[in-house]
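A.B. asks: I have a structure here, written as structure tokens, and I will follow up with some questions on it.
The values are calculated or read from the model by the stated rules, or taken from the named source; none is laboratory data. Small disclaimer: the values here were computed from a predicted structure and weren't measured. Note: ideal-geometry Cβ built from the backbone for every residue, glycine included; neighbour counts use all protein chains shown. Ligands, DNA and RNA are excluded from the accessible area calculation, which covers all protein heavy atoms including side chains. Shrake-Rupley method; radii C 1.70, N 1.55, O 1.52, S 1.80 Å.
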Amino acid sequence: TPGIPHDGLEFFLTSTIGIASCPMDATEADHLLQNSQSAEASARQQCKNRYGLFSADLNEQAFKRLQIERDLRKALQNDEFELHYQPKVNIVENRICGAEALIRWNHPEHGLMSPDQFIPMAEELGLIVEIGTWVLEQACTEAVQWSEAGITDCTVAVNIATPHFAESRLLDDVQQTLTRTGLRPGMLTIELTESMMMDDTEETFAMLEQLRTLGIRIALDDFGTGFSSLAYLKRMRLNELKVDRSFIGGIPDDTDSSAIVRAVLAMSRSLGFEVVAEGVETEEQLDFLREFDCDVYQGFLCSQPIPAANFFNLLRREYVPRGLEVNEVDAD
């Protein structure tokens, strides 16, 4: 499609169209317009510059979405969120050395909902920073319980959303949370994505340096799926680099995945990063990682994410000396 020239520039127009017909979809003008708008919104969500046809399912989907939006705005107030933890295992010692905190929404009607079912909506509604602050507080509070039980070398990792990291309040949130909960800074790991590291580079490095000064551990999540510059990586002085599960899933049979993982491990050793392999599901994958000196793994081979009480009991069974009687937390 040719562009439209204007003032020395060339502009290209696209359109997304919703189509509703009369009398099949509606007989009144207001309803017909409303249905065409639903079709247009659906087409825009799938991919812009296309058309969408109205169907009865769209009204049902739109109604369900409105209900979820309404409920999500009240979820924090109603104490409906909870954290599950996926263990991180030291490969050499074969021992749990930490956990990643993963939010779940215990919806009163739909049951337990995973992050992909509501986090994108929370971002759209501007609720993600508030939810992220709750996750940080809850994870630190529960990690203090581990410490009080004598488990002092198990770290907790919290994922930070881009809007939270971009706001200047993140540093204050972390400081205040550590003060309120009493968690040692070295027990907290902040996980950031490559795309977050690439934005506002100087401000990013300044924020990372301030977090490091507090004693917080910094991890780069899903490494290999973004566009990190090796020059940036050198400046970041990370504690952890997490290899994305898309590469781990291919080892040891896929030669490309295996080559990438070996290269990441070699580079990380040179830079002094601890490497965490995500999504480990088989003994063959673990053997490969052990052979090439990977430090830590997490994945279904050890455990899927489990409720906080279950993880606490898992820790105590592993860390409490044999013969010492302990009362397990009720996991129900």
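A.B. asks: Sort out which residues of the stretch 78-115 are of a type in the set (S, T, N, Q), open to solvent by 20 Å² or more (accessible area, probe 1.4 Å) and either in a strand (DSSP E or B) or touching a residue at least 60 places away in the same chain (Cβ under 8 Å) (or both), and write them in order of number. Give the derivation first.
C.D. replies: So the first thing to find is which residues in the stretch 78-115 are of a type in the set (S, T, N, Q), and the list is 78, 86, 90, 94, 106, 114.
When the remaining residues are screened for being open to solvent by 20 Å² or more (accessible area, probe 1.4 Å), the result is 78, 90, 94, 106, 114.
ASN90, ASN106, listed by residue number.
A.B. asks: Give LEU183, LEU188 a once-over and let me know the one that is buried (at least 20 other Cβ atoms within 10 Å of the Cβ), touching a Lys or Arg at 6+ places or on another chain (Cβ under 7 Å) and modelled with pLDDT of 95 or more.
C.D. replies: Numbers: LEU183 fails: touching a Lys or Arg at 6+ places or on another chain (Cβ under 7 Å).
Matching residue, one of LEU183, LEU188: LEU188.
A.B. asks: OK, next. Name the helices (runs of 4 or more DSSP H) wholly within the stretch 187-284 that hold at least 1 residues that are within 30 Å of GLN145 (Cβ to Cβ)? Don't jump to the end; show me each part of the working.
C.D. replies: Numbers: elements: 194-198, 201-214, 230-236, 245-248, 255-271.
Those helices (runs of 4 or more DSSP H) span 194-198, 201-214, 245-248.
Yes/no matrix, rows are residues, columns are (1) closer than 22 Å to ALA308 by Cα; (2) among the basic types (Lys, Arg); (3) without any contact (Cβ under 8 Å) to a residue 12 or more places away in the chain; (4) out of contact with any strand residue (DSSP E or B) (no Cβ under 8 Å at 6 or more places or on another chain):
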residue: GLU137; (1), (2), (3), (4): yes, no, no, yes
residue: CYS140; (1), (2), (3), (4): yes, no, no, no
residue: HIS164; (1), (2), (3), (4): no, no, no, yes
residue: GLU167; (1), (2), (3), (4): no, no, no, yes
residue: LEU192; (1), (2), (3), (4): no, no, no, no
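A.B. asks: How about the stretch 263-282: which of its residues are without any contact (Cβ under 8 Å) to a residue 60 or more places away in the chain and buried (at least 17 other Cβ atoms within 10 Å of the Cβ)? Lay out the reasoning, then the answer.
C.D. replies: First, pick out the residues of the stretch 263-282 that are without any contact (Cβ under 8 Å) to a residue 60 or more places away in the chain: 263-275, 277-282.
Within the stretch 263-282, VAL264, LEU265, SER268, PHE273, GLU274, VAL275, ALA277, GLU278, GLY279, VAL280 meet the criteria.
A.B. asks: Let me ask something additional. When residues of the stretch 116-143 are filtered for being over 20 Å from ASP172 (Cβ atoms) and surrounded by fewer than 16 Cβ atoms within 10 Å (Cβ to Cβ), how many remain? Steps first, please.
C.D. replies: Applying the first criterion (over 20 Å from ASP172 (Cβ atoms)) to the stretch 116-143 yields 116-125, 142.
When the remaining residues are screened for being surrounded by fewer than 16 Cβ atoms within 10 Å (Cβ to Cβ), the result is 116-117, 120-121, 123-125.
Number of matching residues: 7.
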